[in-house]
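Down below is the structure, laid out as structure tokens.
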Amino acid sequence: MNSFTNNKNILAWIDKVVALTSPKNIVWIDGSTKQINELTQEACDTNEIMPLNQEKLPNCYYHRTRQDDVARMEDRTFICTREEIDAGPTNNWMSPAKAHSLGRSIFKDCMKDRTMYIIPYCMGPIGSPFAKVGIEVTDSIYVVLNMNIMTRIGKQVLNMLGAESNDFVKGLHSKCELDKEKRYIFHFPEDNAIWSCNSAYGGNVLLGKKCFALRIASYLGRKESWMAEHMLILGIENPQGEVKYVAAAFPSACGKTNLAMLIPPEIYAQKGYKVWTVGDDIAWIRVGHDGRLYAVNPESGFFGVAPGTGRNSNANAVDATSKDTIFTNVALNLDDNTVWWEGLGAPPTKNMLDWKGNPWDYETATEKAAHPNSRFTSPAKNCPCISPEWESPSGVPLSAIIFGGRRAKTAPLVYEARDWNHGVFVGSSMASETTAAAAGQVGVVRRDPMAMLPFCGYNMADYFKHWIDMGAKIDKLPKIFNVNWFRTDENGKFIWPGYGENFRILDWIIKRCEDKVDAKELAIGYVPNADDINMEGLSLSKEALEDLLSIDKDLWIEESRGIEEFYAKFDGRIPEELTKELEKLKNNLK
Ligand code: GTP
Ligand code: SPV
Ligand code: MN
């Protein structure tokens, strides 16, 4: 009998995984501080991680990945449904039979000289009706230590599951040989299972995150009438102490963590406005008893982009990373054994190593010191602005949903959808420039509906239909907006100052939700009257703001063609509600 669990489904599955991978040792992760400390020590002894300056960065560690294993690999990520159509044209598909046989050949005996760690984890606050259980089997201590920050792990999770339940996601990960040619991330939504091999980069191997909480969960959400979204969740407190919550979907490395931890500009802060972080990457959303939408952050930590995170841009993130944090692929400052990255604010020193471990001199360097997708893993509870409601079992009520991306020209600073279905259209037709968060070319515009292109576990046309259907189930619909912090001038520079100043746009959004301000109707939806954006204390001119709020008709005609092309990929499966919205847009642009 196993002392950790008597759940026969878990034990039967573990038996199979053990038979396949032949581990030398097996360690169940109980979640105790003692066990985590021992594993941390072991990972330090083998140089898997390195302790940083324990006075300046208490309980912080450093890790480097292989140079060809630094981001999600979308072309190696598969949705393995029985029917190809159920994965849809935007996902890579492999039949479960083929993925199983290929996976088995790679996993065969892969742990024979290694220890297998079995991590029971929970996505969502334990005991919450939103919460769901996963078990990740891995041969990486780095994965265990990261999962300990990003999810709720250990014995409490097994207790939650009980002896009979089969309601858990079976996740198998092995570093194997870290061979790029044999790197695969397989999802079996119909079997509640994930297989990941030959990678050690976060998004590919922390199976609770994108693999479970988005790809598998989006599939479960459609079956069970809820939503799993690539969204931050934040609360905006006004001077009267009332808090309104919004969720926002931006593609990877497009500003979710930064917006979630925003510090309002001085003129707002003085009056008593404040932003509270509920989550920075993923939202699980359900209809509450009162007919409103409620959102929960299924994670318990932040796996955030380091470059660009500094005192000036995101002081809350800098503070959150000042202890109990694992840094991956950032630069090292050898003077005091601390970390550095571009945009941290502190000047570089002469005595540094870049993310590859090579000496790096800012005067002669031709490459960046930190990898553009270098990351910090920090506990959410360390964040100075973490919301008192962040672990609320019933979630927080949403007043607005915001979509956004990186668009150099087309999308205005902000606009509002006319109604829910139009909002779903806006989300479904989002596009954004690619970033370093995924392997491949950076800066290419691609359609990324609801920021879910790489994360939807089923046919995206059915996902759009699910959004439309959810709208019919919500009595008090949140308003839907689109924002773009990334318009550029003729020199390629961002026009809008962004970061904390984005609060001015959130302020307008909340006023719209409270019916306190008018708007101007354009072909694409409602935009603010320039006078309604509070510009006090900002040097941006009124003309520049008006320009940011205007649209170029020709660009939007081109855009509508792009949307049509994208929809055509789905062979008539796009819901009628959305094709009607596209027709409306085209007519409005005539
Ligand atoms: P993932 O964790 O990959 O999902 O990314 P994210 O959406 O949380 O993005 P994050 O907030 O980490 O920001 C990514 C990059 O965009 C960082 O380098 C930021 O400095 C930059 N950024 C964030 N917000 C703004 C903004 O308002 N304006 C500008 N110009 N850059 C921003
Ligand atoms: C993203 O790429 O959207 C991330 C980082 O949040 S990862 O965990 O790699 O997916
Ligand atoms: Mn993300």
Check your understanding: If you take the residues of the range 480-517 that are touching a Ser or Thr at 6+ places or on another chain (Cβ under 9 Å), in contact (Cβ under 8 Å) with a residue 60 or more places away in the chain and farther than 21 Å from Tyr273 by Cα, which of them is farthest from ligand 2 (Cβ to nearest atom)?
Key -> Arg487
Review point. Do we find a residue being within 16 Å of ligand 2 (Cβ to nearest atom), touching a Ser or Thr at 6+ places or on another chain (Cβ under 6 Å) and of a type in the set (A, V, I, L, M) anywhere in the range 355-371?
Key: no
Review point. Taking into account only those residues within the range 383-409 that are open to solvent by 10 Å² or more (accessible area, probe 1.4 Å) and part of a strand (DSSP E or B), which is nearest to Ala439 (Cα to Cα)?
Key: Ile386
**Study point:** Residues of the range 194-233 satisfying the condition of being closer than 17 Å to Cys122 by Cα, within 10 Å of ligand 2 (Cβ to nearest atom) and assigned to a loop (DSSP other than H, G, I, E, B)
**Key:** Leu206
Exercise for review: Could you list all residues from the range 443-468 that are open to solvent by 30 Å² or more (accessible area, probe 1.4 Å) and either closer than 20 Å to Val483 by Cα or without any contact (Cβ under 8 Å) to a residue 12 or more places away in the chain (or both)?
Suggested key: Gly443, Val444, Val445, Arg446, Arg447
Check your understanding: Counting only residues that are over 22 Å from Ala436 (Cβ atoms), of a type in the set (A, V, I, L, M, F, W, C) and in contact (Cβ under 8 Å) with a residue 60 or more places away in the chain, how many does the range 244-299 have?
Key -> 14
Exercise for review: Please state which of the following conditions Leu262 fails to meet, knowing it meets all the rest: (1) open to solvent by 20 Å² or more (accessible area, probe 1.4 Å); (2) more than 16 Å from ligand 3 (Cβ to nearest atom).
Suggested key: (1)
Exercise for review: Starting from residues that are closer than 18 Å to Asp554 by Cα and in contact with a strand residue (DSSP E or B) (Cβ under 6 Å, 6 or more places away or on another chain), keep the ones in the range 427-457 and report whichever is nearest to ligand 1 (Cβ to nearest atom).
Suggested key: Met430
Check your understanding: Within the bounds of the range 55-70, is there any residue that is in a loop (DSSP other than H, G, I, E, B), hydroxyl-bearing (Ser, Thr, Tyr) and surrounded by fewer than 16 Cβ atoms within 10 Å (Cβ to Cβ)?
Key -> no
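The values are calculated or read from the model by the stated rules, or taken from the named source; none is laboratory data. Everything numeric here is computed off the predicted structure, so don't read it as measured data. All Cβ positions, glycine included, derive from the backbone under ideal geometry; neighbour counts span all protein chains shown. Only protein heavy atoms, including side chains, enter the accessible area calculation; ligands, DNA and RNA are left aside. Shrake-Rupley method; radii C 1.70, N 1.55, O 1.52, S 1.80 Å.
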